[in-house]
Amino acid sequence: MTRSLHRTIKLVGLLVFVLFSTPSAIAQQGSIASLRSSSTGSNVLVASNAAAPSVMTTPATILAAFLKTETQVREALNQHTFKRDVVLQTIRRDGQVTGEYIRNSQFLFDDKGNRIERVLYHPPSTIREMRITREDIQDLAGAQLLGIDIVESTKYRFSYSAAEMLEGRQVYIVSVEPTVKPDPHRMSERFFCGRVWIDAQLFQVVKIRGVVEPHGKQRFPVFETWREPVSTALLLPARTEADDTLHFGKRDVRYRIRVRYYDYKIFASKLKVTEVDEPGK
C-alpha cells in the first residue's frame, strides 16, 4: 500500500514537470529556428526587432514563396484587360488644386498579343508648377502599378522586417532596395525602393509603399499601391495614392496622385506588358 502510494506521487510529480517545462522547450526551439534562419548565408536579413516567423516559415521560405507567387500573379495579370483612371494634381498650401493632369485609359491587346494602352480621356494638363515627364508615365505602368520588376528580381535585395496585422489580415513585411545604386544619368532604368506587405497565407502582395529611383533633376513622390481580390485566389492592383511634397531647387511643390485600376477581364492568352509613352509636354 505504501509502495503504491509512493509510485503514484512520483507519477504526479513527473506530469507536473512535463506540463510546466513544455512551453519553455517549445519557446527555445522557436528561438533556435529563428537564429538559424538568419544565418543561412543568403541575402535575407532579419531585423533585430522583427517578429520572427514560425519554425516552418523562415524569412528565406517567405521570400521564396513570395517570389514564386508574385511571378504567377504577374502571369495572371498578363491575361487580363483592365481600365486605369489617373489624376495627378499640384496643391497649394491652403489645399486648393492649382493644376491637374488626367489620363483615363483601357489596357487591351493588339493582334500580336502585346498589351497596348487606349487613351479614353486625356484633356490638356493644367499643371504649371512642374512638368509631367516620360518617367512619370513610365512609373504609372511600372513600379507604381506593380512594385518590383519580378522578371529581374536579382536587381533587388530583400530583407524580412516583421510580421503584423494589416486591416485584419496577417502579413509579412519585406524591405526592398536595389543591389546597385540607381544611376541618375540613366533615368529610363527605374527601380522601386521601399516595402511590400505580403499576405501570410496566400504569399501575395497586399500593399506596396515606396518611391521610384533614380531622381536625377526630377523629383518623385512616395506612393502606396493596394491590391484587392479580383477572384477568390487572386489579388490585383486596385488603387495607387500619393500625397507628398517634392523639393526642387528653388521651390517645393505639393504633389498628389490618385490612380484607380478596375474592370479586370480575362483574356485567354499569355502576353507581354508594354507601355505607350506619351510625348513630353
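No lab work stands behind these numbers, since they all come straight from the coordinates. Because the structure is a prediction, the values reported are computed rather than measured. Note that we place each Cβ from the backbone using ideal geometry, even for glycine, and neighbour counts take in every protein chain shown.
Below are the figures for this structure:
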| read-out | value |
| --- | --- |
| Sorted by Cβ density within 10 Å, fewest first, the residues 265, 155 | 265, 155 |
| Residue 71/residue 155 FRET efficiency (R0 22 Å; Cβ-Cβ; nearest 0.05) | 0.90 |
| Fewest-first sequence of 234, 146 by Cβ atoms within 10 Å of each Cβ | 234, 146 |
| Above-threshold pairs, the threshold being 30 Å between Cα atoms, out of 68/265; 155/250; 207/265; 83/181; 207/250; 181/250 | 155/250; 83/181; 207/250 |
| Proximal charge balance of residue 153 [Cβ under 13 Å; K/R count +1, D/E count -1] | 0 |
| Amide H within-cut-off set for residue 149, under 5 Å, with H built and near neighbours excluded | 192 |
| Within the range 233-268: backbone nitrogen closer than 12 Å to the residue 93 label point (7 Å, Cα to C-beta) | 252 |
